[in-house]
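The structure under discussion is supplied below as structure tokens; questions concerning it will follow.
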Amino acid sequence: MTPNFLVIISDEHRKDAMGCAGHPIVKTPNLDALAARGTLFEAAYTPSPMCVPTRAALATGNWVHRTGHWDSATPYAGEPRSWMRQLRDAGREVVSIGKLHFRSNKDDNGFSQEILPMHVVGGVGWAVGLLRENPPPYDSAEELAGDVGTGPSTYTEYDRAITEAAEAWLADPTRGEQPWAAFVSLVSPHYPLTCPEEWYALYDPAKMDLPVGYGEGLPDHEELRNIADFFNYGDYFDEQKMREAKAAYYGLTSFMDNCVGRVLRTLEASGQLETTVVLYVSDHGDMMGDQGFWTKQVMYEASAGVPMIAAGPGVPVGHRVATCTNLTDIAATAREVCGVADDVGNAGQPGQSLRVIASAPDDPDRTGFSEYHDGGSKTGSFLVRWGRWKYVHYVGQPPQLFDLQSDPHEQVNRAMDGVNDPDIRAALTEGERRLRAICDPDEVNARAFADQRRKIEELGGEEACRTAFVFNHTPTPTEQDEMREGSPL
């Protein structure tokens, strides 16, 4: 019998915020235990450091520039066919529990059942992000700092409901009758940075680590300043508020870890732990003040890197992998674990099974990749990683180059040394070569803007995009129901 396949995904969990990743403060005992009985992927990346385009790429197993899910107002709507649908159409039960961030449950997203799904607001999403050529002020930015504190939030209550639903689903005796696949999707530690008291109490704000480059200002780069000017979260943080925010974020991370532990304990109690491949990931990270940025949208490791752990049948135990991986590898992993052939002609999909990658020698030549075409950006940005080097390409603007071996916190842009250093020139050339092997950045950038102009017109023009759906984080399903009751949607 083929194994079950369980994906547990969180939201906005940065890759270093785990005990098993060596963090000196964050307490994640359940994720640490999962890594101890499986494999930790140390160089995993998101397809795009933003929720909606990433979740479309995760579902399709393909890059954002290939499917055209550029931004937070172009959600997945059932096409191209998802790996979930491939598994379901092959006869396997495939359930989602929690956040999806697709267009709607009226689309065929590929699941046998969607339990407590969160989709984009009104089937549209965050339309203000489309206005990249003429961005309005983002007045919701002050909410990030304003929400910092203790107590329940709609997100932590939603996570409790998701966890309880997952426990009930896994404990059902019928689960043992045939192999299944499940996608359990939590929203923590995504802001609002309002943390339940018992979890906040684990962290003393006075003892929080300071952000990378704290007090040094923003990097000297036009596009990064564009993003920081739009998402001006940092304007609302002094040092004390920053320390409280980090304590809340770490508390929410530990709260999320507890939810993961509850799901895994239920899996074990049901007798299915040894017959289930478990994969833990997050959709992207969170800068938490590093380099002057908050939340995501940029190509630094804290934003574009993701935690990734696999355990179960066929996964090496107590292992670490340095090969670059991506959330687009999940589609190939699902098909390999579940014994389902790729029957939709997706020969261009970049993914490989994570079980296969984990069982092979490290491959420093495999390219890590991410791209961003969403709110706050005035040009497309592309990340390429191989071995020690990380190249970030900005269409029409100077690149960045980081040596992650000597500079893991990305504080020195080596691209500035390219004129005088032949090794740096060679790395810049290799970075651009690898990028162009994946896509033509100029063509992709032009196509993204053209598609977004059409989308703006479809939604009624720029003014409609400025006023239709303005929020700092997607409302929970209960909140969206309340919104529909009070509006003509």
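The values are calculated or read from the model by the stated rules, or taken from the named source; none is laboratory data. In this text, all values refer to a predicted model and were calculated from it rather than measured experimentally. Quick reminder, even Gly has a Cβ in these numbers, built from the backbone with ideal geometry, and neighbours come from all protein chains shown.
Going residue by residue through the stretch 325-340, is there one that turns out to be over 30 Å from D139 (Cβ atoms) and surrounded by fewer than 17 Cβ atoms within 10 Å (Cβ to Cβ)?
yes
Could you check, for the stretch 274-288, whether at least one of its residues is surrounded by fewer than 19 Cβ atoms within 10 Å (Cβ to Cβ) and either more than 19 Å from the chain's Cα centre (by Cα) or farther than 30 Å from P350 by Cα (or both)?
Among the residues of the stretch 274-288, at least one is surrounded by fewer than 19 Cβ atoms within 10 Å (Cβ to Cβ) and either more than 19 Å from the chain's Cα centre (by Cα) or farther than 30 Å from P350 by Cα (or both), which makes the answer yes.
Being farther than 20 Å from I25 by Cβ and polar (S, T, N, Q) is the filter; apply it to the stretch 252-270 and report the residue that is surrounded by the most Cβ atoms within 10 Å (Cβ to Cβ).
Among those residues, the one meeting the criterion is T266.
Across the stretch 202-225, what is the total count of residues that are more than 28 Å from M256 (Cα to Cα) and in a helix (DSSP H, G or I)?
Of the residues in that region, 4 qualify.
A quick yes/no check of all residues on (1) touching a Phe, Trp or Tyr at 6+ places or on another chain (Cβ under 7 Å); (2) under 20 Å from E301 (Cβ atoms); (3) not basic (K, R):
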{"site": "P408", "(1), (2), (3)": "no, yes, yes"}
{"site": "N420", "(1), (2), (3)": "no, no, yes"}
{"site": "A426", "(1), (2), (3)": "no, no, yes"}
{"site": "R434", "(1), (2), (3)": "yes, yes, no"}
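Would you confirm whether or not the stretch 205-212 contains a residue that is among the small types (G, A, S) and surrounded by fewer than 19 Cβ atoms within 10 Å (Cβ to Cβ)?
Yes, some residue in the stretch 205-212 is among the small types (G, A, S) and surrounded by fewer than 19 Cβ atoms within 10 Å (Cβ to Cβ).
Please enumerate the residues belonging to the stretch 366-390 that are in a loop (DSSP other than H, G, I, E, B) and free of Cβ contacts under 8 Å to residues at least 60 places away in the same chain.
Those that are in a loop (DSSP other than H, G, I, E, B) and free of Cβ contacts under 8 Å to residues at least 60 places away in the same chain: R366, G387, R388.
Name the residues in the stretch 416-432 that are under 27 Å from G376 (Cα atoms) and within 27 Å of the chain's Cα centre (by Cα), would you?
L428, G431, E432
Moving on to the next point. Among the residues of the stretch 351-365 satisfying the criterion of being surrounded by 18 or more Cβ atoms within 10 Å (Cβ to Cβ) and in a loop (DSSP other than H, G, I, E, B), which is nearest to the chain's Cα centre (by Cα)?
Checked the stretch 351-365; the qualifying residue nearest to the chain's Cα centre (by Cα) is G351.
For the list (1) among the polar types (S, T, N, Q); (2) modelled with pLDDT under 95; (3) in a helix (DSSP H, G or I), I need the number of the one condition that N134 fails.
Status for N134: all satisfied but (3).
Here's something else I'd like to know. From the list A77, A73, A56, which one is more than 20 Å from K378 (Cα to Cα), under 17 Å from the mean Cα position of the chain (by Cα) and of a type in the set (G, A, S)?
A56 is the lone residue from the list that is more than 20 Å from K378 (Cα to Cα), under 17 Å from the mean Cα position of the chain (by Cα) and of a type in the set (G, A, S).
Scan (1) charged (D, E, K, R); (2) farther than 20 Å from G261 by Cβ; (3) modelled with pLDDT of 95 or more for the single condition E143 breaks and write down its number.
(3)
Would it be correct to say that V444 is on the phi < 0 side of the Ramachandran plot, outside any helix (DSSP H, G or I) and either at pLDDT below 95 or among the aliphatic types (A, V, I, L, M) (or both)?
Here the answer is no, as V444 does not meet what is asked.
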